[in-house]
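A short reminder: the numbers here are calculations on the coordinates, not readings from a lab. This structure is a prediction, so every number in the text was calculated from the model and none was measured. Note that we place each Cβ from the backbone using ideal geometry, even for glycine, and neighbour counts take in every protein chain shown.
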């Protein structure tokens, strides 16, 4: 079996958020990813599966205004739960 390598470029903004977070994924093929938002203790507060299309896909994580002020880790994982991207974000 030949393993195909999928190329993805991932970014998140804004780094200091209040109401929503945007995850931008550019991929060379369609795929499925899992986005996880965890607090500083590692507790998962949000988890969502997303379908990524060929090219650029923007995913908006809404209603994060209810999170307490502090630092959060946002991770993007593939369908095998391997971390593709990780970023630290701050809730103001």
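Of the beta bridges DSSP finds with both residues in the chain, what % are antiparallel, to the nearest 5?
So the antiparallel bridges in the chain amount to around 95 percent.
How would you rank 45, 84, going from fewest to most other Cβ atoms within 10 Å of each one's own Cβ?
So the ranking, lowest neighbour count to highest, is 45, 84.
Please work out the FRET efficiency for the pair residue 15 and residue 54, using the Cβ-Cβ distance as r and a Förster radius of 25 Å; give the result to the nearest 0.05.
0.35
If I take every Cα pair under 8 Å that is 6 or more residues apart in the chain, average their sequence separation and divide by the length, what percent do I get for the relative contact order?
Averaging sequence separation for qualifying contacts and normalising by length gives 31 percent for the chain.
GNM on the chain, C-alpha springs below 10 Å: top fluctuator among 50, 37, 76?
It is 50.
Could you work out the equivalent-ellipsoid semi-axes for the stretch 6-91, taking the square root of 5 times each eigenvalue of the Cα gyration tensor, largest first, in whole Å?
Square roots of five times the eigenvalues give 22, 13, 10 Å.
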